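K.L.:
Handing you a structure now.
Only the coordinates and a few stated rules stand behind these numbers; no lab work does. Keep in mind that this is a model prediction, so the values were computed, not measured. Methodologically, a virtual Cβ is constructed for each residue, glycine included, from the backbone with ideal geometry; neighbour enumeration extends over all protein chains shown.
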């Protein structure tokens, strides 16, 4: 269970204070598929970054399984991101000078998985996302949809409990979009928690629970 | 979304796959660091060459003494055997025959050579014009048999003098005067026949420019008394013989190590300046590496932000940049050594012969080792700042901007 309790996130730009999140309280249960929707600049990505332990709240607490994770140091939070959380970004953020296989195997290496196991597991994940014949391709040699599938495989490599996806279909064509949604549903069916930030109604429709965010405030929508 | 560890197909992985990420990244990015490697390598190569030339300049004064086979050198009290500073002179040992016979009579002494240097005037068949300067040949008279001291003679051609009318020419002198074996050289009114091209070791770095003859023949030509400049001694137990010679008369007795120490001391200022130059060069090279790596880190902020976002530990990112600094240092060190050796070949092959010197570049593995160790240390220090910069990349800001 991931809980955000009275979370504020305030950015200071010059002399101006921007309240990206305002007193957000939210609980994300294990095995949920949640879509966070809202207009641009409403605070969706900020919410995802704080829930995903990339960013820290200015005020309030974030707890994971009852442990306050907002007070952990950078390395402890990185350790949690490596083992418990998987990220999928809108722009994929794959490492350009590594092959698809190496990109997926990288978090496994950081987690201490041996060479043979790590590459075998990475190859199987890529095969699962339909890229078994693209293992040695570099990101520049793949289409947008293929890159996002590599990113999904990378996010899943350490068998995380929670997947955070920030506009995962934002740069994809409709066919690729449907494929990515199908993968996220499949991940969810395996019992993992999936939290997706999206503008896209089709992606949001795949989720069980919908949270709308406007001007930094959260509003639960009836699914 | 199965991630069963049994792959459906057999994977053929590149050899680099088994390497840790920082090393793999270093191997992959070696082309990007080529400029740094060459720049730092040139700096190191120059530094090493300066040190090797410095070593050679000390060797130039002392190296001959170490290999001459003579293990004791006696000069009159207050005399200086190696003329390093203006006014340095060995002086003269008086009653030379008596001193030499006493030294030769000591147990543990194989041979003692009396050495005396004087300038003789060369006379040629052609009539010398009144305004033309006299042609002087620095001539060394040797009392004793240098053949009894191992390595004391370095003969290129022919043999050492056996008769009073024979002469041996140093290689530079022979070349300069265009004289060879069998030629006649007339000095101070007497003809000498050239029987060998070579030199006596342990009498100074210009010994290739000297002529060598029997001591008595030189005394006769120079019209000097019973004196020698110094005595070279080949002894079985120099530590025992040294105090005995010292007690003989007012003599200073040096061992080759003492001469090296004297030369190094006289050369200390030059050596210190060269080390300062080297440290400055290394520091500039270090700043260069820091600057280039910092730029590289700035250009790769998205990569580091992604690594941080997916949970790669800071130490892995730190090691990634640190390994690049290390790679630059190691390759630059090897390149520097090769460059310096190439300079050495050029200096010893082209420049040194122009001055009639055997070696102007002396390789010293110890010094090279110190320079490479300093370069490695400096490389690591130079990598620290960019490596820390890489670990401090904020993924939230960078990924939002991307």
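K.L.:
Just check chain B against the gyration tensor rule for me: Cα atoms, a ≥ b ≥ c as the square roots of the eigenvalues, rounded for a/c under 1.5, and otherwise prolate or oblate depending on whether a/b exceeds b/c.
P.N.:
Cα axes put chain B in the prolate bin.
K.L.:
Turning to a different aspect of this structure: Can you order the peptides B:190-201, A:144-155 by their average number of other Cβ atoms within 10 Å per residue, highest first?
P.N.:
Peptide ranking by packing, descending: A:144-155, B:190-201.
K.L.:
Would you please give the FRET efficiency between residue B:223 and residue B:124, computed as 1/(1 + (r/R0)^6) with r the Cβ-Cβ distance and R0 = 22 Å, to the nearest 0.05?
P.N.:
Efficiency for this residue pair is about 0.55.
K.L.:
Rounded to a whole number of µm²/s, how large is the Stokes-Einstein D of the protein assembly as shown at 10 °C and 1.306 mPa s, given Rh as the Kirkwood radius over C-alpha pairs?
P.N.:
Taking Rh from Cα pairs, D becomes 51 µm²/s.
K.L.:
Please report, in Å, the Rg and the Dmax of the stretch B:154-206, where both are computed over Cα atoms only.
P.N.:
Considering the stretch B:154-206 through its Cα atoms, Rg and Dmax are 10.7, 29 Å.
K.L.:
Continuing with the same structure: Is it possible to state the helix-based mean residue ellipticity at 222 nm for chain B, with each DSSP H run of 4+ residues giving -39500 (n - 2.57), the sum divided by total residues, to the nearest 500 deg cm²/dmol? What is it?
P.N.:
-16500 deg cm²/dmol
K.L.:
Looking only at the protein assembly as shown, where both bridge partners belong to it, what percent of the DSSP beta bridges are antiparallel (to the nearest 5)?
P.N.:
Of those bridges, close to 70 percent are antiparallel.
K.L.:
For peptide A:117-124, compute the average count of partner chain beta-carbon atoms within 10 Å of each residue's beta-carbon.
P.N.:
Rounded to a whole number, the mean comes out at 6.
K.L.:
For the stretch A:49-144, what are the per-bin percents of Cα-Cα distances with bins 10 Å wide, up to the bin holding the maximum?
P.N.:
All Cα pairs considered, the percentages come to 14, 38, 28, 17, 2.
K.L.:
Report the calculated FRET efficiency for residue A:219 and residue A:18 (r = Cβ-Cβ distance, R0 = 30 Å), to the nearest 0.05.
P.N.:
My answer for the efficiency is 0.90.
K.L.:
Ok, one more. Going by Cα centres, the stretch A:162-223 and the stretch B:22-84 are how many Å apart?
P.N.:
First find each Cα centre; the distance between them is then 68 Å.
K.L.:
Could you please rank B:296, A:174, B:250, placing first whichever residue has the fewest other Cβ atoms within 10 Å of its Cβ?
P.N.:
Placing the least packed residue first, the sequence is A:174, B:250, B:296.
K.L.:
Give me A:209, A:179 ranked fewest to most by other Cβ atoms within 10 Å of their Cβ, as a rough exposure proxy.
P.N.:
Listed from fewest to most nearby Cβ atoms, that is A:209, A:179.
K.L.:
What's the angle, to the nearest 10 degrees (0 to 90), between helix B:256-266's Cα axis and the longest principal axis of chain B?
P.N.:
Between helix and principal axis, roughly 70 degrees.
K.L.:
Rounded, prolate or oblate: which fits the stretch A:69-207 when a ≥ b ≥ c are the square roots of the eigenvalues of the alpha-carbon gyration tensor, with rounded for a/c under 1.5 and prolate only if a/b beats b/c?
P.N.:
Oblate is the answer for the stretch A:69-207, as a/c is 1.5 or above yet b/c matches or exceeds a/b.
K.L.:
If you rank A:3, A:219 by fewest surrounding Cβ atoms within 10 Å, what's the result?
P.N.:
A:219, A:3
K.L.:
Where does helix A:174-189 land angle-wise versus the long Cα axis of chain A, in degrees 0 to 90, nearest 10?
P.N.:
The answer is roughly 80 degrees.
K.L.:
Let me ask something additional. Give me P(r) over the stretch B:258-341, computed from all C-alpha to C-alpha distances, binned every 10 Å, as integer percentages.
P.N.:
14, 30, 24, 16, 10, 5, 1
K.L.:
Kindly express, to the nearest 10 degrees and within the range 0 to 90, the angle between helix B:34-67's C-alpha long axis and the longest C-alpha principal axis of chain B.
P.N.:
20 degrees
K.L.:
While we're looking at this one, here's another question. Mind checking the mean number of beta-carbon atoms from other chains within 10 Å of the Cβ atoms in B:300-310?
P.N.:
6
K.L.:
Divide by every residue of chain A the summed helix terms, -39500 (n - 2.57) for each DSSP H run of at least 4, and state the resulting mean residue ellipticity at 222 nm, rounded to the nearest 500 deg cm²/dmol.
P.N.:
Computed mean residue ellipticity for chain A: -10500 deg cm²/dmol.
K.L.:
Using a Gaussian network model of chain B whose springs link C-alpha atoms within less than 10 Å, name the residue from B:353, B:313, B:386 with the highest mean-square fluctuation.
P.N.:
B:313
K.L.:
Still on this structure: Counting only other chains, and only Cβ atoms inside 10 Å, what mean value do you get across the residues of B:25-33?
P.N.:
Mean partner-chain Cβ count within 10 Å for B:25-33: 1.
K.L.:
What is the gain in length, in nm to one decimal, between residue A:97 and residue A:61 on full extension, counting 0.36 nm per residue of separation less the C-alpha to C-alpha distance?
P.N.:
Length gained, residue A:97 through residue A:61: 9.2 nm.
K.L.:
Which whole-number percentage describes the relative contact order of chain A, with Cα contacts under 8 Å and a sequence gap of 6 or more?
P.N.:
Relative contact order comes out at 30 percent.
K.L.:
Additional query: For the ranges B:324-335, A:61-72, A:100-111, what's the packing order if you count other beta-carbon atoms within 10 Å of each residue, average per peptide, and put the highest first?
P.N.:
With the highest mean Cβ count within 10 Å placed first, the list reads A:100-111, B:324-335, A:61-72.
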